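**Q** The following block contains the structure, expressed as structure tokens.
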């Protein structure tokens, strides 16, 4: 297992991060514990979760994933050997995420939308710490912006209407928890180049916590991270990518090819894969599956190792609903990525650029 520096911090995280969003919905507590045991045995020291998980988000399962990690930490110990990343939800009508909550200073959480206001940050941090059964979070991420949001892929830009929380106000809210030792470092997720640089500018100007990472989607059929300016920011500002959806929600494994609908798959259960079903997606996915076959590689291995090999990637977030899937995913990171493999992938990308932004 390789270990890489997290931003400009002294924290080193495994190049593989164990994603957990299925725990508490598709996976039981025991299955989550088994996955973490295997991950630890293979040298993975990095777990990613969110206050919103399990997915799909709903009141009945909200917070389940953090609870499962918490019971594992209590049973296994070794908290100082694990880097835990979680997230606070951004602007959203999912008011049940914090409805009826009381913030750390005993004030009621402000009503209306789920936001990243000071009161809501206080409440969300305290709630995550309680569920995780720990007294600090290694990496606390803004799950998506407070700004009215065009979508995770920023497919079409429209000027934002209405107000949003100032970047410095969000950082100031986080800073209180950094100073208190409840949060070690902060990061962003599903953020734009402008958003990342605005946070950095406010951090530099005001001495507030600096974003150390950005968690965005990145895979063979969605390389907008490198074409839209974020890769340059990641490299020059040391805000490394924590790449989620490296398998395009399973499409790049080939399990949905030709309309297949495997029992227990996310598409069959929840029908939430529309990001990978737009114009040109199926033809492009099929081209990568064919390339893997030509190269004698498992499709998942080609997809995962591509992400791992890019210089702006700090860690690749993998998720699985079975131990067999997890074993297959982990094997990809033992492979060697070559210039020839990069050329073949880049040639396909030029012919079919980003059908699933």
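**Q** Could you tell me, in Å, what Rg and Dmax come out for the Cα atoms of the range 209-264?
**A** In Å, with Rg to one decimal and Dmax whole: 14.8, 48.
**Q** With n ≥ 4 as the cut-off for DSSP H runs, can you work out [θ] at 222 nm for the chain, using -39500 (n - 2.57) per run divided by the number of residues, rounded to the nearest 500?
**A** On the way: 12 runs with 134 residues, N = 357.
Helices in the chain give a 222 nm mean residue ellipticity of -11500 deg cm²/dmol.
**Q** Could you work out how far apart the two model spin labels at residue 338 and residue 96 are, taking each label as a point 7 Å from the Cα in the direction of the beta carbon, and quote it in nm?
**A** The two pseudo-label positions are separated by 5.2 nm.
**Q** What FRET efficiency comes out for residue 74 versus residue 166 if R0 is 30 angstrom and r is the Cβ-Cβ distance? Round to the nearest 0.05. Write out the running numbers ahead of the final one.
**A** Details: r = 38 Å, r/R0 = 1.27.
Given R0 = 30 Å and the Cβ-Cβ separation, E is 0.20.
**Q** Sticking with this structure for a sec: Order these by the 10 Å Cβ neighbour count, fewest first: 25, 237.
**A** Numbers: 25 21, 237 17.
In order of increasing Cβ crowding within 10 Å: 237, 25.
**Q** Counting only Cα, what are the radius of gyration and maximum Cα-Cα distance Dmax of the range 244-341, in Å?
**A** Rg, Dmax (Cα atoms, Å): 13.4, 39.
**Q** Label residue 133 and residue 227 with points 7 Å out from Cα along Cα→Cβ: what is the distance between them in nm?
**A** Simple spin-label model gives 4.6 nm for this pair.
**Q** Can you run the Rg to Rh ratio on the chain? Use alpha carbon positions and the Kirkwood inverse-distance Rh. Walk me through the intermediate numbers first.
**A** On the way: Rg = 19.5 Å, Rh = 20.7 Å.
Rg/Rh for the chain comes to 0.94.
**Q** Right, here's the next one. In whole Å, largest first, what are the principal axis extents of the Cα atoms in the range 172-272?
**A** Here the Cα extents, ordered largest to smallest, are 54, 31, 16 Å.
**Q** I'd like the distance between the alpha-carbon centres of the range 304-340 and the range 229-249, rounded to an integer number of Å.
**A** Cα centres, the range 304-340 to the range 229-249: 15 Å.
**Q** Distance in nm between label sites at residue 295 and residue 3, each 7 Å beyond Cα in the beta-carbon direction?
**A** Going by the 7 Å Cα→Cβ label model, 2.9 nm.
**Q** What is the percent of Cα-Cα separations in the range 181-223 that go past 15 Å? Before the final figure, lay out each step's value.
**A** Values: 441 of 903 pairs.
Considering the range 181-223, 49 percent of its Cα-Cα pairs are separated by more than 15 Å.
Taken together, the values in this text are just the output of simple stated rules run on the coordinates, not laboratory data. Bear in mind that the values here come from a model prediction, so they are computed numbers and not experimental data. Every residue, glycine as well, gets a Cβ built from its backbone with ideal geometry; the counts of neighbours run over all protein chains shown.
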